[in-house]
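Throughout, read-outs are computed from the coordinates displayed, never taken from laboratory work. Just so you know, these numbers come straight off a predicted model, no measurement behind them. Please note: Cβ atoms are built from the backbone with ideal geometry, for glycine as well, and neighbour counts cover all protein chains shown.
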Amino acid sequence: MAETAVSLAGQHLLPTILEAVNMLKDLPNEVADFTDELEKFQAFINGADKVAEAEEDGHRRDRIKKRVMRLREASFRMEDIIDKYYMICEEKQPDDLGCAALTCEAVEFIKTLIHRIQIAYQIQDVKSIVRKERDGFNRVFPVEEIPNNSRGDKHVSWDRHRMAPLFTEEDKVVGFDGPKDQLKEWLIKGKFELTVICVVGMGGQGKTTLAKMVFGSNEVFQSFDCRAWITVSQSYTVEGLLGDLLQKFGLDVSTEMNRQSKIEKVRDHLLHKRYVILFDDVWDKKFWNEIDLALFDNKNGSRIVITTRNEEVVEFCKKFSSTQVHKLEPLSEEESLRLFCKKAFQYGSDGRCPDELKDISLEIVRKCKGLPLAIVIIGGLLFQKDESAVEWRLCTQSLSVALERNSDFSIGKILSLSYDDLPDNLKSCLLYFGMYPEDCEVKSNRLTRQWIAEGFVKREEGKTLEEVAQQYLVKLILRNLVQVCSFTIDGKPKRCRVHDLLHETILRKMKDTGFGLYIGEHNESISSGVVRHLKIAAGSEDLFGRIEGSYVRSIQIIWTKKLSEHLVRNIPTKCMLLRALQFESTYLTYAPKNLGNLIYLKYLSFRGGMGIIPKSIGNLQNLETLEATKSVYIDMPKEITKLRKLRHLLVDGPLTEVIDSLGDMTSLEQLYTLMIGNDEVVIRELAKLNKLRDLRLFYFRTEHGRTLGSSINKMQFLEKLHIRAVNYKIVIDLHNVSPKSTLRKLLLSGRLEKFPNWILELQNLVKLTLSFSHLTDDPLKSLKGMPNLMLLCMRRSAYEGESLHFEDGGFQKLKKLRLEYLHNLKSIIIREGALCSLERLELCGLSNLKGVPSGIHYLEKLRVAITEKVPRKIQDRLYAYMENKSGGSSSNCKIAEM
């Protein structure tokens with residue numbers, strides 16, 4: 001503190017007490033005005049970006065971009081000052097500056113007093129810099145003043161069918177009927193020798209979409225003993241691909257396995273099986289030489305499918321004795337218009353183009369050259385606009401200008417146009433996908449937590465930050481910029497990704513805007529001192545000497561090698577304004593003792609594993625998320641209970657040091673996995689966490705039941721509850737639990753003496769999983785009337801009876817049913833009027849099942865039927881039924897992720 005005061009005195013003469021009082025009184029208004037000025041300045045920068053993009057002279061364009069980067073640097077400084085104020089000063093601002101305030105925590109008050117005075121001076125200094133940079137830029141490169149793009153998009157509700165990923169919902173697919181049937185025939189029929197099937201086409205033409213439709217069909221699923229989908233991309237390693245294959249086959253992969261041992265394990269697994277493996281997005285023609293030793297021809301009708309943009313890959317594959325090639329052609333004008341309308345008129349017009357927009361729509365699709373990705377991106381952009389000819393004409397003109405700067409058609413220009421149309425906060429959210437590898441499927445809830453930590457998500461009255469972040473994600477999905485890979489049972493995006501062409505565009509935008517920087521093995525990307533988000537895949541001891549650490553907001557380390565202690569210790573010293581710090585792939589045996597320096601940190605992740613977390617973590621008073629997974633023996637210090645803003649505590653292993661003060665973290669909303677000890681101290685502490693929404697408990701014992709029930713009753717916002725008993729003999733008895741209208745997902749793993757009545761009163765429950773319950777009475781009689789149940793999973797001896805009976809009128813909203821390892825089960829009876837919404841049926845490990853479920857023909861909406869480890873004759877009959885149901889086509893029967 002003394003050094004801070006000396007530094008302050010060195011920069012400015014100490015103000016008089018009266019001046020200081022006036023400055024501090026005016027500071028809240030000054031910060032509000034400064035925030036408004038930041039928004040205007042960011043709008044100016046957007047205009048400056050457009051000036052740079054419009055410049056045709058390369059040297060002049062580079063000069064403009066360098067000046068724009070200086071503008072961004074000034075805006076970063078403005079953001080940092082505002083964040084400092086709200087994180088340090090606002091919460092501790094006294095009502096007045098009199099003696100009463102000084103007598104209460106005097107030292108802490110004086111410390112914040114100095115910070116507030118610093119901020120007041122910094123605001124004046126940066127205002128001067130901003131004026132100088134803006135005026136200087138405008139003199140040389142005049143910018144047309146444009147309003148900040150903060151308009152809202154159309155309001156939408158959760159609807160998984162209207163937020164579908166590109167081409168995943170078959171009613172939105174155009175032009176694939178013929179190719180789909182051809183590929184399916186090549187896969188299922190044909191020669192007994194190994195056949196390589198190539199799907200080739202330019203980027204954005206729908207290769208992956210077509211492959212997914214065929215690979216996921218019920219016929220293909222039933223025709224092969226073994227299936228795997230592997231995304232290759234440009235940065236693959238052979239060892240990585242082989243490891244992915246083994247994992248897809250459900251086999252263990254150890255870090256000690258070398259390439260040869262992985263090859264042998266793959267070959268052993270495939271020896272007598274008819275297999276199909278799809279390698280998506282292959283770039284290198286040498287790929288096959290590197291992988292073929294593992295994929296031998298067992299003369300069993302096995303198939304390899306490859307999607308690629310590279311014609312050389314196809315030519316290389318043709319060297320094999322049995323190769324089939326399908327080259328995707330551009331969509332016809334009619335198909336293009338039909339696809340465009342499905343995306344641009346999703347609601348009011350229900351996919352039909354209004355008469356006044358037909359000519360403009362046709363003009364737009366002609367510019368897209370029959371490329372599906374370009375069509376849906378433009379369709380998503382215009383979907384957000386009012387359906388007026390004037391606004392659409394403006395968009396058409398922008399598209400024409402973007403495409404006419406170069407005679408060559410470029411999907412990148414269309415992607416850039418859609419990016420430029422985004423509001424500023426959505427731009428940041430989209431750019432954050434560049435922090436993930438190409439083709440990476442990102443968990444949506446983790447992504448939105450990161451957006452919140454980074455400050456991209458703005459508060460809206462009556463909504464949580466998570467709800468606002470989910471809205472942001474939906475808007476990007478509806479614009480067709482983000483693809484949904486899988487949905488939760490109630491229709492929310494579960495995993496998502498961006499198309500690899502869009503990922504390329506994002507990486508360019510990150511570099512141009514100073515948003516992000518990727519540091520690879522050779523540090524080839526380190527070129528600018530202005531960087532906001534840093535991703536490190538490799539590095540050196542002088543890494544932080546090459547960047548200006550004061551502007552870095554987040555660091556993500558995906559280094560698979562051992563990190564040097566010097567590098568890790570430098571982070572809290574060189575990058576003290578960090579909001580997010582993530583160690584993704586590296587196990588850390590230590591964390592820097594000075595971790596507590598990162599007082600602005602909101603997101604801290606040790607997903608690669610962590611041994612000991614330092615006590616200084618208690619200084620991170622702004623921390624909202626702490627992840628320490630894959631750390632079974634983690635030593636979590638008691639100091640984490642000081643983190644009053646912590647909302648997400650995601651750890652593996654016991655919290656032995658904190659169980660008696662766990663209740664101090666009253667902001668917790670998500671807590672897993674909490675291991676209960678022999679006593680009930682931790683359960684009583686849970687009663688103090690009345691904001692919990694997601695709670696997952698391990699090592700439950702019968703004697704914990706009453707106390708846990710009382711604690712759960714105090715959790716008024718609880719949505720997800722997972723309870724796992726110590727072993728399958730332990731009875732889970734929570735008879736004193738009062739029904740919660742908020743509870744939506746419930747998992748109980750342990751013995752139930754009888755079916756709990758309190759479950760039946762959970763009117764909003766959508767997902768129920770029971771394991772090791774050992775119920776002897778048919779639980780369906782109790783569950784059949786649950787009004788909102790969409791997924792029911794009964795697994796691992798959850799039921800010990802011989803028959804399950806779905807009665808007429810029962811389970812009206814159930815969409816997914818999984819019955820797994822119910823060893824005594826012999827028959828499943830479905831009455832007419834039951835399970836009228838069922839789309840997916842999974843039967844696994846039912847070794848004594850005597851036949852196909854009776855009454856299955858009543859399930860009109862059934863699209864997916866999966867059987868594993870059931871008698872072969874039942875598999876064959878169910879497959880025949882599903883094939884007959886779909887008329888020999890997979891249009892209504894396919895495989896989907898659970």
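Key figures for this structure:
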quantity: Residues with amide H under 5 Å from that of residue 628, placed H, sequence gap 5 or more; calculated: 606, 650, 651, 652
quantity: Table column - 3J(HN,Hα) (Hz), segment 713-719, Karplus curve with 6.51, -1.76, 1.60, x for Gly and Pro; calculated: 4, 8, 8, 6, 10, 4, 10
quantity: Computed magnitude of the charge dipole of the chain (debye, nearest 20; Cβ of K, R +1, Cβ of D, E -1); calculated: 1740
quantity: Under-5 Å amide H pairs with residue 206, H placed in peptide plane, nonlocal only; calculated: none
quantity: Along principal axes, Cα extents of segment 659-765, largest first, whole Å; calculated: 36, 31, 20
quantity: Convex hull per residue volume in Å³, alpha carbons only, for segment 333-504; calculated: 133
quantity: Overall dimensions of the chain by Cα: Rg and Dmax, Å; calculated: 29.7, 92
quantity: FRET efficiency for residue 127 and residue 424, using Cβ-Cβ distance with R0 set to 22 Å, rounded to 0.05; calculated: 0.60
quantity: Segment 691-847 shape via C-alpha gyration tensor axes, a/c threshold 1.5; calculated: oblate
quantity: Chymotrypsin sites (Phe, Trp or Tyr not before Pro) within segment 175-284, DSSP loop, no more than 13 other Cβ atoms inside 10 Å; calculated: 192
quantity: Nearest-0.05 FRET efficiency for residue 36 and residue 315, computed from C-beta distance (R0 56 Å); calculated: 0.40
quantity: Distance between modelled label sites at residue 25 and residue 238, nm, 7 Å Cα→Cβ extension; calculated: 7.6
quantity: Interchain or long-range residues, amide H under 5 Å from residue 231's placed H; calculated: 280
quantity: Share antiparallel - DSSP beta bridges, the chain, percent rounded to 5; calculated: 5
quantity: Backbone HN-Hα couplings from phi across segment 856-870 [Karplus 6.51/-1.76/1.60, Hz, Gly and Pro as x]; calculated: 4, 5, 6, 7, 5, 9, 5, 10, 10, 10, 10, 10, 9, 6, 10
quantity: Calculated from backbone phi, Karplus (6.51, -1.76, 1.60) coupling profile of segment 52-59 in Hz, x at Gly/Pro; calculated: 5, 5, 7, 6, 8, 6, x, 5
quantity: Alpha-carbon Rg with Dmax, taken over segment 188-288, Å; calculated: 14.4, 40
quantity: Residue-averaged [θ]222 nm for the chain, counting only DSSP H segments that reach four residues, each worth -39500 (n - 2.57); calculated: -11500 deg cm²/dmol
quantity: Coil-residue GluC sites (Glu not before Pro) of segment 237-326, DSSP, other Cβ within 10 Å capped at 13; calculated: 256
